[in-house]
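K.L.:
Questions regarding the structure given below will be posed in turn.
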C-alpha cells in the first residue's frame, strides 16, 4: 500500500499500487483497468487488465473525463497510447498544488466511486439470477398445475404458414 498526503494533513488516500523502476506509479485497484502515473513525462496512462476480455474504453474514458473536468489534464492531450487499447493524457504542470498528487487523489476518488457502482451492478445481477432461478410462489407454478392439451398456442402442428415463410 502506498499512502499519499496532499499538502500536509488535507487528504490521505490508500491505494493498491507499486512504484516501477522508472519512477512511475502503477495503480491496480480498479477491476477492469490499470492506471500508470508517469512523473517524468507528466502523463496518466490507462491499460486494460491483461485478463480483461470486454471493451474497457468506457472506463478509461470516464477516468480521463473526470481528470479533465477537475482541471488536472487537458482534453486536447487525451489520445490513444502506443500500447494496444491504452489511453493517455498529459498532466498540467503545477507546483502548488502538486499536479501528480492531485492526479493520484482524483484517481483514488474515481476508483472508490467505480467500486461502489460495481457492487451495485453485481448485486443487481445476483438478484436477477435469483429471480429467474428461484421464483417466489406468485411467479411460479408447480409441475402438473397447467393442464395438458393436444394443441396449445396459436400455431397448429403440421400446418404450413406460407405468409410467414416469405417475409424476408
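The values are calculated or read from the model by the stated rules, or taken from the named source; none is laboratory data. The structure displayed is predicted, hence computed values, not measured ones. Here Cβ is always computed from backbone atoms with ideal geometry, including for glycine, and neighbour counts include all displayed protein chains.
K.L.:
What about residue 29, is it assigned to a loop (DSSP other than H, G, I, E, B) and touching a strand residue (DSSP E or B) at 6+ places or on another chain (Cβ under 6 Å)? It would help to see each step written out before you state the result.
P.N.:
Details: assigned to a loop (DSSP other than H, G, I, E, B): yes; touching a strand residue (DSSP E or B) at 6+ places or on another chain (Cβ under 6 Å): yes.
In short, yes.
K.L.:
Let me ask something additional. Of everything in the stretch 31-51, what is buried (at least 20 other Cβ atoms within 10 Å of the Cβ) and over 18 Å from residue 102 (Cα atoms)? Give them in sequence order.
P.N.:
Initial filter on the stretch 31-51 (buried (at least 20 other Cβ atoms within 10 Å of the Cβ)): 33, 35-37, 44-48.
Correct list: 33, 47, 48.
K.L.:
If I filter the stretch 111-144 down to residues being assigned to a loop (DSSP other than H, G, I, E, B) and within 44 Å of the chain's Cα centre (by Cα), which single residue comes out as modelled with the lowest pLDDT? Full working, then the answer.
P.N.:
Taking the stretch 111-144 and keeping what is assigned to a loop (DSSP other than H, G, I, E, B), we get 134-136, 140-144.
With within 44 Å of the chain's Cα centre (by Cα) added as a condition, the list becomes 134-136, 140-143.
On the way: 134: 88, 135: 84, 136: 84, 140: 79, 141: 77, 142: 77, 143: 73.
Looking at the filtered set, the residue picked out is 143.
K.L.:
Now, a different point. Quick check on the stretch 52-68. Is at least one of its residues in contact with a strand residue (DSSP E or B) (Cβ under 9 Å, 6 or more places away or on another chain), in a strand (DSSP E or B) and under 13 Å from residue 103 (Cα atoms)?
P.N.:
Taking every residue of the stretch 52-68 in turn, none turns out to be in contact with a strand residue (DSSP E or B) (Cβ under 9 Å, 6 or more places away or on another chain), in a strand (DSSP E or B) and under 13 Å from residue 103 (Cα atoms).
K.L.:
Could you list, in sequence order, all residues of the stretch 128-154 that are within 29 Å of residue 59 (Cβ to Cβ) and surrounded by 10 or more Cβ atoms within 10 Å (Cβ to Cβ)? Before you say what the answer is, go through the steps one by one.
P.N.:
Residues of the stretch 128-154 that are within 29 Å of residue 59 (Cβ to Cβ), as a first pass: 128-132.
Result: 128, 129, 130, 131.
K.L.:
For residue 45, indicate whether it is touching a helix residue (DSSP H, G or I) at 6+ places or on another chain (Cβ under 6 Å) and touching a residue at least 12 places away in the same chain (Cβ under 8 Å). Break it down stepwise before answering.
P.N.:
On the way: touching a helix residue (DSSP H, G or I) at 6+ places or on another chain (Cβ under 6 Å): no; touching a residue at least 12 places away in the same chain (Cβ under 8 Å): yes.
Criteria not met by residue 45.
K.L.:
Go through the stretch 69-83 and give me each residue that's part of a helix (DSSP H, G or I) and either in contact (Cβ under 8 Å) with a residue 12 or more places away in the chain or in contact with a helix residue (DSSP H, G or I) (Cβ under 6 Å, 6 or more places away or on another chain) (or both).
P.N.:
Step one: filter the stretch 69-83 for residues part of a helix (DSSP H, G or I), giving 69, 75-77.
Answer for the stretch 69-83, where residues must be part of a helix (DSSP H, G or I) and either in contact (Cβ under 8 Å) with a residue 12 or more places away in the chain or in contact with a helix residue (DSSP H, G or I) (Cβ under 6 Å, 6 or more places away or on another chain) (or both): 75, 77.
K.L.:
Only residues that are surrounded by 16 or more Cβ atoms within 10 Å (Cβ to Cβ) and touching a helix residue (DSSP H, G or I) at 6+ places or on another chain (Cβ under 7 Å): list them for the stretch 91-106, please.
P.N.:
91, 103, 106
K.L.:
Which count do you get for residues in the stretch 84-110 that are within 20 Å of the chain's Cα centre (by Cα) and part of a helix (DSSP H, G or I)?
P.N.:
Of the residues in the stretch 84-110, the ones within 20 Å of the chain's Cα centre (by Cα) are 84-89, 103-110.
From what's left, part of a helix (DSSP H, G or I): 103-110.
The total comes to 8.
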